[in-house]
Amino acid sequence: MTTACGVVRRLSRRRREEVGVATAAAATARASDGGDGDGSIVAGGAAADVAIDAASRSSGYRFVVVALVAFALMLCNADRVIMAVAGVPLAAANGWGERAIGLVQSSFLWGYALTPLLGGILADRYGGKVVLGGGILVWSLATVATPFVAASGSLGFLLLTRAIMGLGEGVALPCMNNVISRWVPKSERSRAVAVSMGGFQSGSMIGLLAAPALLAAGGLPGPFVLFGALGVVWALIWSVTSTTYPAQSTFVNAQELAYIEDGGATTEATTASGSAAKVTPPFKLLLSKAPTWACIIANFVNNWGFFILLAWMPLYFKQVLGLNLRDAAWFSALPWATMAASGIVAGTLADSLIARGWSNTHVRKLIQGVGFIGPAICLVILPFLTTPAQALAALTCAVGCTAFTQAGFLVNFQEIGPKYAGALHGMANTAGSIAGMLGTYLTGAVLEATGSWRAVLFVTAAVYAFGAITWLTMSTGERVFD
């Protein structure tokens, strides 16, 4: 680790020197260019100006990295949401009831709950490039295999395949936080997380919209094979275009590197002291602080509501509002488009408020408060609405407010402990996975036993309210861990 630290430091210095060398060379060319006449001198000066401008212009490659992360998260969510649509014909073909559908939905989370913490630790130690690339390969291959395993009629093997898919996807969000903490300066961090999570939410919309058409065109394998293949292609592109730190990338010039590192991005020199023991996250210390638990509880609450909305809203529209599966997919997909846009608005607003002098703590409390209180109110109202348009409006408002979490607790990991952002997110995401697992399964059990959607929605609203109270009383936007 000490050797790697030295290598990255040398790379950083070398990149920072590039602008100075190029600028000096251009200036020398201008000064020494006597030419044969005024025209030659002007031409030489213009060429030198172009050289200076080219040398000092920021490469902007961090935006490419963020875009790649956003696309990976889009595939992550699209792959998992396909089952929300395919689960109904799959269950009908095999004679399974709603409890079995809930079991299939929650089995994804059996694997998903196991890898966020491990993925976060590995990302902090080895970098998000390797861990995220490996994760997407695992979940994409499992996605391709899903329809063929389901065709065998074996519920057990299908549950195992979904769990393996969850193992791969469990590393995605901790890796996202790790990559952004290293590639993005603090002043752009809320927006970077919002754009990445916008990709995540867009995956819900794209999966729900595309799945019915792909099912009609290619049968049960259609959506699974297409999205799984896209994941494999992404992994290949990621392997040749990304690096652990921007200082290692040939696509990042000196000006951009200086902007990133001077802007507070995590670098190897600040995340390791040369001692291997220091690299291991101090879990006892992390768990002894209230802000850590604020993030853990927030992730639990967010995932409880998110996975219920993601997995069960198509069935809600079908059973309660009388829409067929294709219409339910269209209607329940539209709010996710709003969520993607709302998240970017929240990120922009958060960065803007901080730039105007608001404290990080006040901004995170405000933004996350909207992310929890808004959905709670909407879900209380939803069962009293009787038309598809009214229900769609309430659901759209709920998930739109939920998107504010992208500039709330999801950024907070990098603020309270930038050295351990991956591990902190991993712990919180593990709690969130447990919440999603319980929420999706219990929803199916309650529906099969009582047929009551009202009970499901009211309990979910109460969970959101609990999350708001704990966040407002326990969170901070300041650094807690050195």
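The values are calculated or read from the model by the stated rules, or taken from the named source; none is laboratory data. Computed from a predicted model, the values in this text were never measured in an experiment. Heads up, the Cβs are rebuilt from the backbone with ideal geometry, glycines too, and the neighbour counts pull from every protein chain shown. Note: areas computed on protein heavy atoms with side chains; ligands, DNA, RNA excluded. Shrake-Rupley method; radii C 1.70, N 1.55, O 1.52, S 1.80 Å.
Residue 362 exposes around 120 Å² of accessible area when a 1.4 Å probe is run over every protein chain in place. Note on residue 319 and residue 479: their simple-model spin labels are 5.0 nm apart, each label 7 Å out from Cα toward Cβ. Between residue 352 and residue 438, the simple label model (points 7 Å from Cα in the Cβ direction) yields a spacing of 3.8 nm. Other residues lying with their Cβ under 10 Å from the Cβ of residue 445 contribute a combined charge of -1, Lys and Arg counting +1, Asp and Glu -1. Computed over neighbours whose Cβ is under 14 Å from that of residue 203, the net charge equals -1, Lys and Arg +1, Asp and Glu -1.
Quick one: net charge of residue 471's neighbours, Cβ under 13 Å, K/R +1, D/E -1?
Value of the local net charge: +2.
Residue-normalised convex hull volume from the C-alpha trace of the range 59-265: 104 Å³ per residue. Taking the protein heavy atoms of the range 283-481 in the context of the full set of protein chains, the accessible area attributed to carbon and sulfur is 71 percent at 1.4 Å. Compactness check for the range 336-482: Cα Rg over 2.2 N^0.38 Å is 1.14. The mean accessible area for residues of the range 283-481, using a 1.4 Å probe and ignoring ligands and nucleic acids, is 35 Å² per residue. Taking the simple approach of a point 7 Å from Cα along Cα-to-Cβ for both residue 251 and residue 67, what is their distance in nm? Going by the 7 Å Cα→Cβ label model, 0.9 nm. For the listed residue pairs 186/284; 284/419; 129/365; 186/365; 186/419, the alpha carbons are over 21 angstrom apart in 186/284; 129/365.
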